[in-house]
Amino acid sequence: MTRYAIKGGTEGKDRLNVLAAVMRPTTLALLQRAGIAPGRRCLDVGCGGGHVAIDMATLVGPTGHVTGIDFDEAILELARRDAAAEGLDTVEFRATDAKQLAGGGFDLAYARFLLSHVSEPLEIVRVMVAALHLRGAIAVEDIDFRGSFTHPRSAAYDRYVELYRETVRRRGGDADLGPRLPELLHQAGLERVRFRVVHPAHMDGDGKLVAYLTLHRIQEAIRADGLATQDEVDQLLADLLAFTEDPRTLVSLPRIVQAWGTTA
């Protein structure tokens, strides 16, 4: 049983906008390594705000097609508006659970920051494989929260990392899943499995706010699971924001592992 730790909705989309901007260069590189090309049919599993699906639609061009699926209808509606604003009619967004995905025929299936939130990540990878053509590719990327760091060290950030990892664990996920991705692809029967590690860190800009924004979006789950009081969370948010706004400090995202492979 998985209960998603990060609150979605409109404010959740604001956080995803920042995260997507930070991740975009390395995610585009991953998609290129996985073989995205004009005319391909692509699937984005757990697409969230639709940022990667929209980039995919641009890459596959007018002869390709992209389907993004997610369980959060509110965020999907915002993704649809973004796609319409870009003039893209080759991308669609469906509200569905990944385990209920039906149909196939995709050339490429992709997921970012999804597998760390589910209790059975291998099952999701196998569903993604089943959605492919006989010859297709999988590309996934996910977090290893143990790699998170700041300079200088921040007690508020360390507590945030502790709370995030434990909240995800209690809700059926694994916030340190990243290094397991190549193994999961092998277990799902993929061939030519490759991997790469990326680790964004910032001294300025919106990317530096990701930790603060994430703590803000998981605070309800933290309270619900009895991991911290609202007073402690409020103090952590204030301390983390003050640390983030100091131009002399450095704040990282979690270490991120990318993996990709083919069905034949």
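Structure values in brief
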item	result
Listed residue (G173, L134, L108) projecting farthest to the positive dipole end of the stretch 70-193, Cβ model	G173
The chain, dipole about Cα centre (Lys/Arg Cβ +1, Asp/Glu Cβ -1), debye to the nearest 20	800
Amide hydrogen neighbours beyond the local backbone of V66, cut-off 5 Å, H modeled	C42, V91, E92
Backbone HN-Hα couplings from phi across the stretch 63-69 [Karplus 6.51/-1.76/1.60, Hz, Gly and Pro as x]	8, x, 7, 10, 10, x, 10
Stokes-Einstein D for the stretch 62-195, Kirkwood Rh over Cα pairs, 10 °C, 1.306 mPa s (µm²/s)	95
Sorted by Cβ density within 10 Å, fewest first, the residues D144, D14	D14, D144
q = 0.25, 0.28 Å⁻¹: log10 I(q)/I(0) that the Debye formula gives for the stretch 122-179, counting C-alpha atoms only	-1.02, -1.13
Cβ-defined net charge surrounding T244, 13 Å radius [Lys, Arg +1; Asp, Glu -1]	-3
Value in Å of the Kirkwood radius, where the chain supplies the Cα pairs that are averaged	18.7
The stretch 112-171: trypsin sites (Lys or Arg not before Pro) falling in loop per DSSP and having at most 16 other Cβ within 10 Å	R153
The stretch 9-262: relative contact order as a whole-number percent, Cα under 8 Å and 6+ apart	21
Principal-axis tilt of helix 155-170 within the chain, Cα atoms, nearest 10 degrees	50
Ranked T58, T244, criterion: other C-beta atoms within 10 Å, fewest first	T58, T244
Cα gyration tensor shape for the stretch 192-253, rounded if a/c is under 1.5, else prolate or oblate	oblate
Fewest-first sequence of D246, D44, D225 by Cβ atoms within 10 Å of each Cβ	D246, D225, D44
Dipole of the chain, positive end: most advanced residue of A83, L213, I124 [Cβ charges, Cα centre]	I124
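Values in this text are rule-based calculations from the coordinates and carry no lab data. In this text, all values refer to a predicted model and were calculated from it rather than measured experimentally. Backbone-built Cβ (ideal geometry, glycine too); neighbour counts: all protein chains shown.
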